[in-house]
Amino acid sequence: MTNVDITSVAKTYGQTPVLADITTHFAEGSFTSLLGPSGSGKTTLLRIVAGFITPDSGKVAIGGADVTDTPVYARNIGMVFQSYALFPHMTVAQNVAFGLARRGIRGAEARKLVDRALEMVRLPGFGERRPKQLSGGQQQRVALARAVVIQPSVLLLDEPLSALDRRLRQEMQVELKRIQRETGLTTIFVTHDQEEALALSDKVAILDRGRIVQMGPPAEVYEQPKTRFAAEFLGDTNFLKGTVVDGALRLSDGTLIRTGAPLPATGAAAMVAVRPEKMRIDAAGKAGDGAENRLSARIDHVIYAGPALTYALTASDSTALKIFAQNSTGAIHAEGSDVSLVWQPAHTIPMEDAA
Amino acid sequence: MTALARFYLLAILVFLYLPIVVMMAMGFNESALYELPFRFSTRWYEALSGNGQLISAGVNSVVIALITAVIATLAGTMAAVALDRHAVRGRTLLQLLLLPPIAIPWLITGTAMLVFFFWTGIGRGMHALLIGHVALAIPYVVLVVGTGLKTIRSDLEEAAVSLGSTPLHAFFAVTLPLLAPSILGAALFAFAVSLDQFVISYFLSTPGFATLPVQIYSAIRKGFTPEINAISTILLLGSMSVIVVFAIFARPGGSRDKR
Amino acid sequence: MPADTLARPAASPPGAAAGHRLPSWFSTAALLLPTYGWLLIAIFLPLCTMLAFSFMNATPMGRAPVVFTLKHYKAFVTQPYLVGIAWDSLVIGFWTTFLCAVLGFFAALALARATAGRARETLLILILLPFWTNGLVRVFSWTMVLREGGFLDVLLHSVWPGAGSIGFLYTRPAIVLGLVHGYLPYMILTCYIALVTIDDAIIEAAQSLGARWWTILTRVLLPMALPGLTTGAILTFVPVIGSFMEPRILGGRVGVTMGTVIEDQFTQAFNWPLGAALSFTMLAVILAIFATFSGVLRRSTGGMA
């Protein structure tokens, strides 16, 4: 009923294509993050759903109805802005009641709804204050209450947490997720913060230069990145390059790396990605069972961060690598020592755009 | 260094206010020939109350300034909104076109109006003065209101529209209340520009219709009387109080949010 | 489906029904029309008409045929006394601008560096206040100070009773004094806006590098105030060149400038084409001066201005 469908949407400013032929589906009640660097088109896509930007071509449908030519004010959306955009000349209650009044709900009924919305964002009794008298986090909650109280068809969040400090942001993430679950609103969330996207969403869509390069549940997008960009943008990644030989990747020094997913045909150049926490240092160099990938490397630096360790290494084919290790034993491998790295073929992901 | 700087500022203030204070004082001096010693008298203010020509010129000035303020504020605010919030082709050119009324010497603008109004049959007099004054005041209004609009983030309007306001309702419910101090400031500005305007008025006045500055000028040229001091003092105090009000209202943040 | 915690309000806002929307260019044009229509009628068409008039052999009145001519633009050749008047006007303009710049820069500097908070705010308002009072009245008030037996003389005689008059009304310095008084607040304001943004840290940094006050003034403060000085100079020079009321009141018979000559063509001599030609010549000279000035400025500051 309130799913959102984007069909072949494209937008160009002057000569610069901002969005190129986007087709995607936001399921009812889902929480989807649009993740990408600045200039990737994520905000443009959100603003096209909102109606602030008219696409050059393509269709936008909310709840099955084509709204491409419907003005913003008739789309029944709820939007939270990066700057909160609370009306400074109105009280908190007047802010929250604004959208209700536009829908003809005034007086006692409006007051009841406003009170419940403020309770939901844990700001009961704040109705008579002015936005200026609230902290950043409180203002954000009011903005959320204002967007949610009108029961919008879709909730659009434009980097709503980026202006908050780290601690407050984590707190608001929990709140946001709770409120989204309680209201069951189809939510589209724009962010450039990958951890935030992973923590909050049912689905993550990674945008790069106006295209959705990958979309799926957080774990899938993180564990199985399809392209170099997706792998790099979402977390840290080690890349290994080589040539395909009998279904395995042969690095320039001859080391054979096996993958879970199939590689291209023999003789082709290919690249695989391995997450730093999936690799393990096998100092003893004890013989493997053959089921694991094994690569020798030299430790260049160790960064000690208490509970976790980061190793920077150079592999035998002179690729720079990075490894995250839990500080579970207290033993730290010395800089300059030669070690073996082991990991599973299933964690070795071939890149589609390898070259 | 600081003491020297403050002394210098004091000297500048003395320079700026000396003639004004002397003139105001002379308005209260008994002698018609500005003779000293000073003897206090209000006779020139009394004489002023009997000078119908000066009084009607004063009324003309205020009426024209009021009408100018209303028209220029309305038109200028509309233009400022369009220039700041709408996608306008040739925005830079349109903004440049606001400069001639400010940047071209009034002597040239004034004589050009005289020539054009004569040639088209618009003629001189109150309506011609109004056309001229409004044209001079509009650029200031656009600048003042435009500056005010820049301090109001456009996402406030977007928020209102996302909540169901039409763009028009968003403007009246959100932008206009926040813009009110700027608009009031612009109106006072326009009022002051018109009240102070002499050059354009001088060329567009008729013997039967003159504003106060024009009347004062001809009185000065004919050989003045201290009545001019009296009316000038009233005029000075009047425009000064308008500006003081403006300064209080236009202060960023205003007094409204003091609470 | 997750439970609703809020009652569901009426589904859609009222605007949904209103299907007829005017195109956006229409509302933009409607908003811009009053302002630009007004400026067209009151400023641009008059200027065009006057330009046309300046090429006519006589004021087009009565039945005499009007002929195209360039003779009014040759007035400086045919009436050599105009060259002297134009030169005098430029000298008055330069002196006024120069004095305003020097006095205004230091006043702005003092305001920005030696005052703060409420005192600064009050001082700024006090400085700008006279500017918003009637210019004519302010010029007139100087006559009371400068005339023979005026305030200046009274002041002198109270110290030195036997002295003669030092009143200098109806001289060129009186004109410059009145004009400086009129335009100084402009210059102070534009310089102040440029100077107030200077961070204390910049001056401290210069001092820490061993700069003396003279170096700080010429290498730090003056370059930073340059945009303000330029704006102030334009705002002073342009109206001063076109002034006629100040020279008449303060200059008396010596107060003959381009401004008064042009005014005469329109109010006394009734030679509109000549007045128009002189006006446009003046405009051209002003533009030429600024073009030269801004070219020099750009070269000396490396494209900053």
| request: Can you put A:Asp5, B:Asp196, A:Asp353 in order of Cβ neighbours within 10 angstrom, beginning with the fewest? | output: A:Asp353, A:Asp5, B:Asp196
| Just the C-alpha atoms of the protein assembly as shown: what Rg/Rh do they give, with Rh taken as the Kirkwood radius? | 1.10
| task | Work out how far the C-alpha atoms of chain B reach from end to end along every principal axis, then list the three figures in whole Å, largest first. | result | 72, 59, 35
| query | What do you get for Rg/Rh over chain A if you use C-alpha atoms and the Kirkwood form of Rh? | reply | 1.07
| task | Counting other Cβ atoms within 10 Å, keep those with at most 10, restrict to DSSP loop, and tell me which trypsin sites (Lys or Arg not before Pro) in the range A:216-314 are left. | result | A:Lys286
| request: Provide C:Met224, C:Met258, B:Met26 in ascending order of the number of other Cβ atoms located within 10 Å of each residue's Cβ, fewest first. | output: C:Met224, B:Met26, C:Met258
| Using the membrane-span-like helix rule (whole DSSP H runs, Cα extent along the own axis of at least 18 Å, mean Kyte-Doolittle hydropathy at least 0.0), which helices of chain C qualify? | C:24-39, C:81-114, C:172-196, C:222-241, C:272-301
| note | As a percent rounded to 5, the proportion of antiparallel DSSP bridges among beta bridges in the protein assembly as shown is 75 percent
| field | Mean separation of Cα contacts under 8 Å, 6 or more apart, over the residue count of chain C: relative contact order % | value | 24 percent
| Can you give the charge dipole size of chain A about its Cα centre, rounded to the nearest 20 debye, using +1 on the beta carbon of Lys and Arg and -1 on the beta carbon of Asp and Glu? | 1300 debye
| Can you pull the mean other chain C-beta count within 10 Å for peptide A:145-152? | 4
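Can you tell me, using C-alpha contacts under 8 Å and at least 6 residues apart, the relative contact order of chain A as a whole percent?
16 percent
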| message | Quick check on my link table: of A:Lys226/A:Lys322; A:Lys59/A:Lys177; A:Lys177/A:Lys203; A:Lys59/B:Lys150; A:Lys11/A:Lys42, which ones sit more than 22 Å apart, alpha carbon to alpha carbon? | response | A:Lys59/A:Lys177; A:Lys59/B:Lys150
| note | Lys and Arg at +1, Asp and Glu at -1: neighbours of B:Asp155 with Cβ under 15 Å from its Cβ sum to 0
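A short reminder: the numbers here are calculations on the coordinates, not readings from a lab. In this text, all values refer to a predicted model and were calculated from it rather than measured experimentally. For neighbour counting, all protein chains shown are included, and Cβ atoms are generated from backbone atoms with ideal geometry for every residue, glycine included.
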